[in-house]
Amino acid sequence: MIADDATLSRLAGLAQRGDRQAYATMLTACRSWLLRYYRRKVPPDQIEDLMQDTLLSVHRKLASYDPARPLIPWLAAIARYRFVDHLRIAYRDAADATLEDNTAVVEDEEQAVIARLSLDRLFEALPQAQSQAIELVKIEGLSISEASASTGQSESLVKVNIHRGLKRLASLIERA
Amino acid sequence: MPDSSDAFIDSLVADLKPVAPLRQGSGMALALAALLIGSVTVAAMLGLRRDLAAGHPAPLALTAAGVFLVLALASSWAAIDMARPAVGTRREGWGWTALMAAVLPGSALVLIASNYLAGQPIDLDRSGLGCFAVGSAVGLITATVLVVWLRRGAPSSPARAGLLTGVASGSAGIFAVSLWCPHDGLLHIGIWHGATIIAMGVLGRLILPRVLAW
């Protein structure tokens, strides 16, 4: 269970004024949220790096948070931005990594919020051929030829779909 | 929880410095100041239109200047708001304003095409290049303000932020030019003034994403 959004907003407001204790509590809560957020779409061995990259962005862009607004949609936008960036530079060594749907059980309200802000939601906005190509190559780590055989798309089409899909994902970061 | 993660958080906490949250109002105040500086600079260096100085502005020139001003404000607002990302935020209002402003170059193009088809092609006045050059140069003041603001923030789509910055800069620049430009014909305003906004938008879209990525 992480702190509710009102508490997080208050902590972030205090952190912007230089309160280190509030900042530590906020970052710890953000870490828990991010670990669950990334779990469904990021191989386990990459989650820690991605989570730290995201927290670093939170740190560098703390001024971009408006304390009058809820914190989670801001955190989700930063998490999505880093995720799409991560997909762009994903290495082939993710090939052997497998994704486990080991999402923790969360309360209904929290689950609803996460679902609305989730990475799955982002992928829903893509044409199926694009999301399939990205999932197979950039997330599951298949080679282009393996993805081509799996989807029935030609190798060049797989590449085109990845390119177009990543471009579209980058334009949809704030989509609810 | 991994120790490295705790240590990482500790290092971020140790590095914390107070930051002023980016307020929409502060950003708009800066954008308005840039618009004002550009307008005053044009008026001081090139002078005001005669009809404007006399207090009897030509209707079309006045209308067009108003449209470009609204576009500058709407696109600046959207660009400034992009510095503060949040899933679920929609910023589509500026698009309708841009569509409204596009009526001016659109009408000019229809006029050119219809005259061409009627066998009476229109010669485009080359003096518009001056408006284009001055508008682009003055627009750089707004562009600088918006880029600095956006780099402090976290625009989730640097490409869109670049486009918005370009459109805002071009329309702010051409609004300033409208105070001086002696022409009040639809062709001149639609083509040359419209081209300034389009060119700045394209340049912003092409050049700025690399500057605004984070």
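Does residue B:20 satisfy being of a type in the set (A, V, I, L, M, F, W, C), more than 10 Å from chain A (Cβ to nearest Cβ) and touching a helix residue (DSSP H, G or I) at 6+ places or on another chain (Cβ under 9 Å)? No, not satisfied.
Here's the yes/no breakdown for (1) among the small types (Gly, Ala, Ser); (2) closer than 30 Å to residue A:71 by Cβ:
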| residue | (1), (2) |
| --- | --- |
| B:92 | no, yes |
| B:96 | no, no |
| B:102 | yes, no |
| B:110 | no, no |
| B:138 | no, no |
| B:146 | no, yes |
| B:179 | no, no |
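One line per residue, one yes/no per condition, for (1) within 18 Å of residue B:166 (Cβ to Cβ); (2) of a type outside the set (D, E, K, R):
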site: B:67; (1), (2): yes, yes
site: B:70; (1), (2): yes, yes
site: B:73; (1), (2): yes, yes
site: B:77; (1), (2): yes, yes
site: B:83; (1), (2): yes, yes
site: B:86; (1), (2): no, yes
site: B:90; (1), (2): no, no
site: B:97; (1), (2): yes, yes
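The residues in segment A:115-141 that are modelled with pLDDT of 85 or more, of a type in the set (A, V, I, L, M) and under 15 Å from residue A:88 (Cα atoms) can be counted, and the count is 4.
I'd like to check something: does segment B:115-134 contain any residue that is without any contact (Cβ under 8 Å) to a residue 24 or more places away in the chain, of a type in the set (Asp, Glu) and either touching a helix residue (DSSP H, G or I) at 6+ places or on another chain (Cβ under 7 Å) or closer than 28 Å to residue B:180 by Cβ (or both)? Yes, there is a match, as at least one residue in segment B:115-134 is without any contact (Cβ under 8 Å) to a residue 24 or more places away in the chain, of a type in the set (Asp, Glu) and either touching a helix residue (DSSP H, G or I) at 6+ places or on another chain (Cβ under 7 Å) or closer than 28 Å to residue B:180 by Cβ (or both).
For (1) hydrophobic (A, V, I, L, M, F, W, C); (2) farther than 18 Å from residue B:63 by Cβ; (3) surrounded by fewer than 20 Cβ atoms within 10 Å (Cβ to Cβ), each residue gets a yes or a no:
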| site | (1), (2), (3) |
| --- | --- |
| B:161 | yes, yes, no |
| B:165 | no, yes, no |
| B:168 | yes, yes, no |
| B:175 | yes, no, no |
| B:179 | yes, no, no |
| B:198 | yes, yes, yes |
| B:204 | no, yes, no |
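The set of residues in segment B:60-88 that are free of Cβ contacts under 8 Å to residues at least 60 places away in the same chain, within 14 Å of chain A (Cβ to nearest Cβ) and assigned to a helix (DSSP H, G or I) contains only B:81.
Determine if segment B:159-166 includes at least one residue that is away from chain A (no Cβ under 14 Å), touching a residue at least 24 places away in the same chain (Cβ under 8 Å), within 28 Å of residue A:76 (Cα to Cα) and not basic (Lys, Arg). Yes, the conditions are met somewhere in segment B:159-166. Scanning segment B:117-139 turns up at least one residue that is crowded, with 16+ Cβ neighbours inside 10 Å, among the aliphatic types (A, V, I, L, M), touching a Ser or Thr at 6+ places or on another chain (Cβ under 8 Å) and away from every other protein chain (no Cβ under 14 Å).
The values are calculated or read from the model by the stated rules, or taken from the named source; none is laboratory data. Just so we're clear, the structure is a prediction, and the values are computed from it rather than from any experiment. Backbone-built Cβ (ideal geometry, glycine too); neighbour counts: all protein chains shown.
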